[in-house]
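Undergrad: Submitted below is the structure of interest, expressed as structure tokens.
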Amino acid sequence: MIKGNYEQIKNEAGEDVTIIAVTKYHTVEDTLKAYEAGVRHFGENRIEGFIEKRTALPADAEVHFIGTMQSRKVKEIIGDLHYLHSLERESVAKKIEQAGLHVVNCFIQVNISDETSKHGLKPEEVEGFIEKLKAYKYVKVIGLMTMAPNTEDISIIENTFKGLKKLRENIAENYPEVKELSMGMSNDYPIAVRNGATYIRIGSKIMGS
Ligand SMILES: *Cc1c(COP(=O)(O)O)cnc(C)c1O
């Protein structure tokens, strides 16, 4: 089932989109099944889950941290942290810098429109934050990340993804290295892909629920 799900999403999303299987509600056993099905990018939103899945998976799998990161937790996973999708605080960047181990590819989490969410920078704050991060040798901003509000209203979801894409285009004038768009989950990834997602984060649609 995991294999069929993954194949289907791969066909729909096309070759230019990196699919991250979000394994946060699933066992190590199921995560290894996803690996056997060809998945090489995994997403976890908690430190414990990240460590557990990282330890179990072969070395050529990449585990992305997609949840809220607390600065005091950075040191617990920094050795294996190569992709962080939720950078929104300079204190986290400072911890990455202090560790000085390797470059961490980061997405800035942006709150495009969701008044109910506490997470993500406001669009107008993003460029200034990227400017500050230029001083950090071990923090490389490769893109922007957002989550669409939980709604049935497709036009709201569509406007969220269009808004992130537009913001990236504006920012890329000064920061051309900010190329990637991490957006789209099980319920809304077709809309995200249509609007330029380069990384999609899929839980239940791959792993089952
Ligand atoms: C859980 C989670 C996902 C995947 O959610 P699904 O709806 O199961 O696809 C994607 N991104 C983040 C940040 C998550 O926490």
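The values are calculated or read from the model by the stated rules, or taken from the named source; none is laboratory data. Just so we're clear, the structure is a prediction, and the values are computed from it rather than from any experiment. In this analysis, Cβ positions are derived from the backbone assuming ideal geometry, glycine residues included, and neighbour counts consider all displayed protein chains. These area figures cover heavy atoms from the full protein model, side chains too; ligands, DNA and RNA do not enter into them. Shrake-Rupley method; radii C 1.70, N 1.55, O 1.52, S 1.80 Å.
Undergrad: Determine Rg/Rh for region 14-62; Rg is computed over alpha-carbon atoms and Rh is the Kirkwood hydrodynamic estimate from the same atoms.
TA: Reported Rg/Rh, Kirkwood definition of Rh: 0.95.
Undergrad: Given the alpha-carbon gyration tensor of region 49-116, what are the semi-axes of its equivalent ellipsoid in whole angstrom, ordered largest first, with each equal to the square root of 5 times an eigenvalue?
TA: Working through the eigenvalues yields semi-axes of 21, 16, 10 Å.
Undergrad: Using the Cα centre of the chain as origin and beta-carbon charges of +1 (Lys, Arg) and -1 (Asp, Glu), tell me which of 71, 159, 123 is placed farthest towards the positive end of the dipole.
TA: So the residue furthest toward the plus end is 71.
Undergrad: Taking all protein chains together and a probe of 1.4 Å, list 64, 102 from the most accessible to the least accessible.
TA: Of 64, 102, the descending order of accessible area is 102, 64.
Undergrad: Another question about this same structure. Taking the Cα centre of region 2-207 as origin, sum charge times position over the Cβ atoms of Lys and Arg (+1) and Asp and Glu (-1), and report the length of that vector in debye to the nearest 20.
TA: The dipole of region 2-207 has a size of about 520 debye.
Undergrad: Tell me the relative contact order for region 155-209 as a rounded percent, counting alpha carbon contacts under 8 Å between residues six or more apart.
TA: This gives 32 percent for region 155-209.
Undergrad: Name the residue, out of 181, 101, 144, whose mean-square fluctuation peaks in a Gaussian network model built on the chain with Cα pairs under 10 Å.
TA: Highest fluctuation of the listed residues: 101.
Undergrad: Anything over 23 Å Cα to Cα? Flag those among 33/140; 118/205; 95/132, in the order listed.
TA: In this structure, 33/140; 118/205 lie more than 23 Å apart at Cα.
Undergrad: Could you pull out every one of the lysines with an alpha carbon less than 18 Å from that of residue 165, ignoring same-chain neighbours closer than 8 positions?
TA: 122, 179
Undergrad: Turning to a different aspect of this structure: How much FRET efficiency would the formula 1/(1 + (r/R0)^6) give for residue 71 and residue 179, where r is the Cβ-Cβ distance and R0 is 35 Å, rounded to 0.05?
TA: E between residue 71 and residue 179, to the nearest 0.05, is 0.85.
Undergrad: Have a look at the chain and give its Rg and Dmax from the Cα atoms, expressed in angstrom.
TA: Reported Rg and Dmax, both Å: 16.3, 46.
Undergrad: Find how many whole Å separate the alpha carbon centroid of region 137-157 from the alpha carbon centroid of region 61-118.
TA: Cα centres, region 61-118 to region 137-157: 14 Å.
Undergrad: Can you give me the distance in nm between label points at residue 209 and residue 46, each placed 7 Å from the Cα along the Cα-to-Cβ direction?
TA: 1.9
Undergrad: Simple spin-label model, 7 Å along Cα-to-Cβ: residue 11 to residue 122 in nm?
TA: 4.5
Undergrad: A further question follows. Using R₀ = 25 Å, calculate the FRET efficiency as 1/(1 + (r/R₀)^6) where r is the Cβ-Cβ separation of residue 37 and residue 194; round to 0.05. Don't skip to the answer; put the middle values down first.
TA: On the way: r = 25 Å, r/R0 = 1.00.
That gives a FRET efficiency of 0.50.
Undergrad: Further question on the same structure: Could you work out how far the C-alpha centroid of region 1-43 sits from that of region 163-209, in angstrom?
TA: Centre-to-centre distance over Cα atoms comes out at 17 Å.
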